[in-house]
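Take a look at the structure below.
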Amino acid sequence: MTLIDGKAISEQVKQEIAAEVAQIVEAGGKRPHLAAILVGHDGGSETYVAAKVKACEACGFKSSLIRYEEDVTEEELLAKVRELNEDADVDGFIVQLPLPKHISEQKVIETIDYRKDVDGFHPINVGRMSIGLPCYLSATPNGIMELLRRYDIETSGKKCVVLGRSNIVGKPMATLMMQKGKPGDATVTVCHSRSKNLVEECQQADIIIAALGQPNFVTAEMVKEGAVVIDVGTTRVPDATKKSGFKLTGDVKFDEVAPKCSYITPVPGGVGPMTIVSLMKNTLLAGKKEIYA
Ligand code: GUN
């Protein structure tokens with residue numbers, strides 16, 4: 001069993017990005033600039049945005065954090081999005097999700113200029129991804145593709161089961177795994193809360209990508225000997241022995257599943273760090289105007 005070290009790969013990718021940024025700046029080019037909008041004080045969102053700002057520093061990017069209280073109106077937020085769309089210094093920006101209920105996430109996403117949508121959530125980027133055109137790829141699925149690439153894990157012709165059908169992970173993950181190329185070329189099945197034969201599907205899978213958000217959902221009996229298991233879950237489960245009061249828990253019962261696997265990602269330290277690095281890669285592309293002029 002090989003433990004996939006997302007933390008180590010993410011450090012490596014950040015160094016590669018930082019080296020390229022140093023070259024760009026030395027040649028008189030513009031330092032990439034990522035802006036992030038954070039609404040409210042959700043613990044998870046605070047942690048993720050802080051990690052994104054820190055990763056910008058490691059990559060040599062400029063970053064701006066724009067904060068609003070929970071009661072910001074939809075119109076105020078949309079006005080800021082439009083302002084960032086027009087701000088020539090900002091290469092790309094994100095609006096951290098989830099947003100308070102009185103704000104339409106879809107409206108916010110669609111207001112972002114797709115050329116600055118480094119999250120890859122805008123319908124134009126999603127559509128371009130689905131037909132294999134250059135675009136900003138959704139961060140978590142792209143981070144997983146990078147792990148499969150760097151560990152040289154065979155995906156061609158393999159049976160891949162994606163658990164979960166979210167717009168952010170499940171759907172784009174399935175799209176990328178079935179696309180032509182390496183990694184890719186897999187036979188993909190998507191299972192979700194209404195699937196009747198989820199356990200049987202998993203038992204036949206060469207690759208399982210678990211993105212349901214249900215702690216310890218995938219058990220040993222669901223996993224074939226020698227399977228590759230990628231765990232996207234990051235649920236905060238209360239744990240009195242931790243200083244933070246919680247334990248980040250994956251969708252996979254790691255201790256019993258790991259011995260059966262050829263490769264497995266841990267939580268934390270697997271997919272999580274790669275998600276942030278994918279955003280950094282998109283920001284570098286945005287800075288270089290490589291996808292959209
Ligand atoms: N919330 C959970 N994941 C993400 C992400 O990748 N981007 C944004 N903007 N919000 C998120």
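Rounded to the nearest 10 Å², what accessible area does R150 show when all protein chains are kept and the probe is 1.4 Å? Approximately 80 Å² for this residue. Measuring with a 1.4 angstrom probe and ignoring ligands and nucleic acids, V229 comes out at about 0 Å² accessible. In terms of its C-alpha gyration tensor, the chain comes out prolate, because a/c is 1.5 or above and the ratio a/b outweighs b/c.
So for the chain, averaging the separation of alpha carbon pairs under 8 Å that are six or more residues apart and normalising by length, what relative contact order in percent results?
Numbers: 581 pairs, mean separation 63.2, N = 293.
22 percent.
Angle of helix 271-287 to the longest C-alpha principal axis of the chain, folded into 0 to 90 degrees and rounded to 10: 30°.
Helix 43-59 and the longest principal axis of the Cα set of the chain meet at an angle near 70°.
Annotation: aspartates and glutamates with alpha-carbon distance below 20 angstrom to K159 (same-chain offsets under eight excluded): E146, D185, E200, E201, D206, E221, E225, D231, D251. Taking 29 Å as the limit for the C-alpha separation, the pairs K7/K62; K171/K196; K158/K260; K54/K288; K101/K242 exceed it in the case of K101/K242.
For A205, the residues whose modelled amide H falls within less than 5 Å of its own, excluding neighbours fewer than 5 places apart on the same chain, are K224.
Note on the stretch 174-210 and the stretch 78-128: Cα centroid distance 29 Å, given to the nearest whole angstrom.
Ranking D152, D251, D185, D113 from most to least accessible surface, computed with a 1.4 Å probe over the protein chains only, gives D152, D185, D113, D251. A straight line joining the Cα centroids of the stretch 12-77 and the stretch 253-293 runs 17 Å. Think of it as helices only: each DSSP H run of n ≥ 4 in the chain is worth -39500 (n - 2.57), and spread over all residues that comes to -12000 deg cm²/dmol at 222 nm.
The values are calculated or read from the model by the stated rules, or taken from the named source; none is laboratory data. Just so it is clear, the model here is predicted, and its values are computed rather than measured. Accessible surface is based on the protein model in full, side chains and every heavy atom, while ligands, DNA and RNA are left aside. Shrake-Rupley method; radii C 1.70, N 1.55, O 1.52, S 1.80 Å.
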